[in-house]
Amino acid sequence: MTAKILVADDQAPIRNLITTILSKDYQVIQAASGTDALRMIRQEKPDLVITDILMPGMDGLAVCTQIKADPATSKIPVVMLTIIDYDLNRRFAENLGADGYLTKPFTPDQLKEAVSRHLAAASPGTKPAE
């Protein structure tokens, strides 16, 4: 089964970059806001969510909190994406239930490794597309 990944970021170039990097191995869907992300998560049931922390309106921390509070989505791994690499922010995100934290800029290998690691931890049978 090919894993489905939802990428939530208000910046289209970032969403498109992540999609380009991951789409060879995974099914990638995009959301331009936190509100759109939550709606798509409930409809699409992704295997992993990558969300920017700093988005207007509903930010990534609120998205993570709502994902983890809902029994229907609480087991979905959430990787926070941010330009702010402070240990305090990382711990705050982890306390809200985030499973991972990736700092911009990132390399394709860093992104792929984070996705692979969190998918494997959440669902050992989930794998990249063949």
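Remark: pairs (first residue in the stretch 31-46, on the phi > 0 side of the Ramachandran plot; second residue of a type in the set (Phe, Trp, Tyr) and at pLDDT below 95; Cβ separation under 7 Å; 6+ apart in sequence or on different chains) are absent. Entry remark, the stretch 59-76: residues being surrounded by fewer than 18 Cβ atoms within 10 Å (Cβ to Cβ), among the aliphatic types (A, V, I, L, M) and in a loop (DSSP other than H, G, I, E, B) number 1 in total.
Can you tell me which residue within the stretch 30-48, out of those that are polar (S, T, N, Q) and assigned to a helix (DSSP H, G or I), is nearest to the chain's Cα centre (by Cα)? That would be Thr35.
Conditions (1) surrounded by 21 or more Cβ atoms within 10 Å (Cβ to Cβ); (2) at pLDDT below 95; (3) polar (S, T, N, Q), marked per residue:
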{"site": "Met1", "(1), (2), (3)": "no, yes, no"}
{"site": "Ile14", "(1), (2), (3)": "no, no, no"}
{"site": "Ile18", "(1), (2), (3)": "yes, no, no"}
{"site": "Ser23", "(1), (2), (3)": "no, no, yes"}
{"site": "Tyr26", "(1), (2), (3)": "yes, no, no"}
{"site": "Thr35", "(1), (2), (3)": "no, no, yes"}
{"site": "Ile83", "(1), (2), (3)": "no, yes, no"}
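For every residue, the table says whether it meets (1) out of contact with any Asp or Glu (no Cβ under 8 Å at 6 or more places or on another chain); (2) modelled with pLDDT of 90 or more.
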{"site": "Cys64", "(1), (2)": "yes, yes"}
{"site": "Thr73", "(1), (2)": "yes, yes"}
{"site": "Gly125", "(1), (2)": "yes, no"}
{"site": "Pro128", "(1), (2)": "no, no"}
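The values are calculated or read from the model by the stated rules, or taken from the named source; none is laboratory data. If you're wondering where the values come from, they're calculated on a predicted model, not measured in any experiment. When we count neighbours, we look across all protein chains shown, and the Cβ atoms used for this are built from the backbone with ideal geometry, even at glycine.
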